[in-house]
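Accompanying notes for the structure given below.
The values are calculated or read from the model by the stated rules, or taken from the named source; none is laboratory data. A quick note: this is a predicted structure, and the numbers were derived from the prediction, not measured. Glycine also receives a Cβ, built like all others from the backbone with ideal geometry; neighbour counts cover every protein chain displayed. Note: areas computed on protein heavy atoms with side chains; ligands, DNA, RNA excluded. Shrake-Rupley method; radii C 1.70, N 1.55, O 1.52, S 1.80 Å.
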Amino acid sequence: MDAVKKNEIAFTAPHFKATETGRKILEQGGTAIEAMVAAAATIAVVYPHMNGLGGDGFWLISEPGKAPIGIDASGKAAELATLEFYCGHDSIPTRGGKAAVTMAGAVAGWQEALAVSQEWQANLPLSTLLSDAIELAKNGSKVTKTYVDASKKTQLDLLSVQGFADCFLKNGGIYEQGENLTLPALAHTLEQLADNGLNDFYQGDIAARLAKDLAMAESPIRLADFHSYQAKRLTPLQVKTSVGTLYNLPAPTQGIASLLILALYDRLYTQGKTATDMAHLLIECTKQAFIARNQFVTDESRLAMDLSSLLDDEQLEKMCHEIALERAQPWPHQAKHGDTIWMGACDSEGRMVSYIQSLYWEFGSGVMSPSTGIVWNNRGSSFSLEKGSLQELGPNLKPFHTLNPAFAELNDGRRMSYGTMGGEGQPQTQAALFSRYVYHQMPLDQAISEGRWLLGRTWGDVSHNLKVERDFADIAADELAARGHDLVIVDAQNELMGHAGAVVLHPEGQTDAATDPRSDGSAIFGDFIK
């Protein structure tokens, strides 16, 4: 009897160590989910300024022949997180204990995803999945340029925040690129999770120690918030276009914005003849998508409408009428921060994952739990202290999330997992790489590496204009300005534009993968399994 033909494997991540971990698990016969959990633990160690166990996660998981499923592993606000708790504040602090408002959902997301994986085949031991992360936390990893840059940017804000300097600074100063960073307390926590199970984070000793450390930092989070938290499986939003069906996550993420941009572009792209036309149309689609997003996206319990109705033909046509090829719509609007990692995987059975994990701003709240080595997110600073606001703070509610992993099933049989970090830039970068690859037939790596643009702000920038990388500006800036875009030119290959990546499985079983040259990442694809 002939052996069953296997698909090629693929993995991409914005740090090469995470890719190595993912590849190792896939070569052992692990599932795409197991590879992703292992890589998620590794990247929490080697990119601790971007993500970690104290943050959030969102999953899109696709099994061949079945509808994709999503997992919302974002944190809800603590029971004590009330307007009264923040009395005397005009807004929720962005750093320190009072910025640590919401539960960390990432580890619960790993657990829920592994439950899906267990339905496919017996899972590998947690000790195997977490071994690379444990070793790197114990013995150290080389500090990256992005870590150095994040440290320089945050040092003054975070120097006095509980535990931060002892963990992430070198004698109060900044590590130099290439120096060795060890995280011994985090290594011990990862070992404990491997021994006791991931639920120890919410129900066991780790939960108790985290709750004590957070309370000491004056966070509203208590042990009861750990005990009541669960990640949630959900049905993704989807939209059918001329090239295939696109998937993303519902509220509280901005997944609807990512789908709207491409659904609108699908109706307009034939108007364009040049790369400048493509960029202009995508920027104008972005404006329409962001207007809708800002008007409607909030905690699921507060939604005024079914977000999927924004993807109806009538609504899309209405938005298209607001877009002109030769004229830019005037723009400022309230932009969203965000620093994150995205990773993609495909295993030998054709099962694919699109995953995103984040602390929100660099190093999150900056609050590091001394007893666990875990730094806590500051996603709750997205809440408002204004009564009646769409984002008004309240116990057990979720704040707005920039995070959104993307997935597509194309009409020609290709399946595509793609995404990026970058806050406000996430939907824009997703749209740029998808459009270049699918509509304009660019090779995958070129679709990601070529010059990009960003409308609004990210990485703490305060301006709302259009930033264009120099290599793309050389061919497009004059024409974009003539159409009315308020633009500035930034350096080429700028980290401001995010760390994008994609994994593609072709119908014949071949894979393709690429990562962003703006990151420290790598991608592997092909028949690596012996």
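Please compute the contact order of the chain in relative form: average sequence separation of alpha-carbon pairs under 8 Å and at least six residues apart, divided by the residue count, as a percent.
Relative contact order here is 24 percent.
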Around Val107, with a cut-off of 11 angstrom between Cβ atoms, what is the net charge of the other residues, counting Lys and Arg +1 and Asp and Glu -1?
-> -3
On each of the three principal axes the extent of the alpha-carbon atoms of the range 388-458, given in whole Å and largest first, is 46, 28, 16
Any idea what log10 I(q)/I(0) is at q = 0.21, 0.23 Å⁻¹ for the range 92-196, Debye with uniform C-alpha scatterers and no solvent?
-> -1.18, -1.23
Where the convex hull is taken over the Cα atoms of the range 1-64, what is its projected area averaged over directions, in nm²?
-> 5.2
Carbon plus sulfur fraction of accessible area for the range 265-312, probe 1.4 Å, in percent = 49
Hey, any idea what % of the range 404-530's accessible area is carbon plus sulfur with a 1.4 Å probe?
-> 48
Heads up, I need the accessible area for Met442: 1.4 angstrom probe, whole protein in place, Å², nearest 10.
-> 40
At a Förster radius of 22 Å, what calculated FRET efficiency corresponds to the Cβ-Cβ distance of Gln155 and Glu179, to the nearest 0.05?
-> 0.90
Bins of 10 Å, starting at 0 and running to the largest distance - Cα pair percent for the range 482-530 | 21, 32, 24, 16, 6, 1
Give me the accessible area per residue for the range 379-498, probe 1.4 Å, as a whole number in Å².
-> 32
Give me the percent of the accessible area of the range 46-142 that comes from carbon and sulfur atoms, probe 1.4 Å, all protein chains in place.
-> 50
Rounded to the nearest Å, what's the spacing between the alpha carbon centres of the range 466-497 and the range 262-310? Just the number, please.
-> 21
How much length is gained if the chain between Glu20 and Gln329 is pulled fully straight, taking 0.36 nm per residue apart and subtracting their Cα-Cα distance, in nm to one decimal?
-> 106.8 nm
Multiply the residue separation of Gln118 and Asp90 by 0.36 nm, subtract the distance between their alpha-carbon atoms, and state the gained length in nm to one decimal.
-> 5.4 nm
Per-residue HN-Hα couplings for the range 113-123, Karplus 6.51 cos²θ - 1.76 cosθ + 1.60 at θ = phi - 60°, whole Hz, x for Gly and Pro?
-> 5, 5, 5, 5, 4, 5, 6, 8, 6, 5, 6
Ile475 label point, 7 Å along Cα→Cβ, cut-off 17 Å on backbone N: hits in the range 491-530?
-> 492-494
Suppose R0 equals 45 Å; then what is the FRET efficiency for Ala208 and Gln441 from their Cβ-Cβ distance, rounded to the nearest 0.05?
-> 0.25
Among GluC sites (Glu not before Pro) in the range 59-118, those in a DSSP loop whose Cβ has at most 12 other Cβ atoms within 10 Å are Glu84
Show the residues, 5+ positions off or on another chain, whose built amide H is closer than 5 Å to the amide H of Leu234.
-> Gly70, Ile71, Asp72
For the range 70-97 and the range 174-196, distance of Cα centres in Å = 27
If contacts are Cα pairs under 8 angstrom and at least 6 residues apart, what is the relative contact order of the range 338-401 in percent?
-> 21
Under a plain spin-label model, where a point goes 7 Å from the Cα along Cα-to-Cβ, how far apart in nm are Leu80 and Leu234?
-> 2.8
The range 318-427 -> Rg/Rh from Cα coords, Kirkwood Rh, value 1.07
Histogram of C-alpha separations across the range 335-493, 5 Å bin width, % | 2, 8, 13, 16, 17, 15, 12, 10, 5, 2, 0, 0
Once you have the Cα-Cα distance between Glu450 and Glu218, take 0.36 nm times their residue separation minus that, and quote the gain in nm to one decimal.
-> 79.0 nm
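Using a Förster distance of 41 Å, how high is the FRET efficiency between Gln315 and Leu169, based on the Cβ-Cβ distance and rounded to 0.05?
For R0 = 41 Å, the calculated efficiency reads 0.25.
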Here the Kirkwood hydrodynamic radius of the range 204-317, Cα-based and in Å, equals 16.8
For the range 127-180, the per residue accessible area (1.4 Å probe, Å²) is 51
Could you state the accessible area per residue of the range 251-376 in Å², with a 1.4 Å probe and every protein chain left in place?
-> 31
Ranked by how many other beta carbons lie within 10 Å on average, peptides 8-21, 142-155, 185-198, 306-319 from highest | 8-21, 185-198, 142-155, 306-319
Whole-Hz ³J(HN,Hα) from phi, Karplus 6.51 cos²θ - 1.76 cosθ + 1.60, for the range 88-100, glycine and proline x = x, 9, 7, 8, 5, x, 8, 9, x, x, 6, 7, 8
Percentage of Cα-Cα pair distances in the range 403-530 greater than 17 Å, rounded to whole percent?
-> 59
Per-peptide average of other Cβ atoms within 10 Å, ordering 162-170, 260-268 highest first = 260-268, 162-170
Two decimals is fine: what is log10 I(q)/I(0) at q = 0.13, 0.18 Å⁻¹ for the range 145-278, from a Debye sum with one equal scatterer on every Cα and no solvent?
-> -0.91, -1.05
Rounded to the nearest Å, the spacing of the alpha-carbon centers of the range 101-124 and the range 223-256 is 15
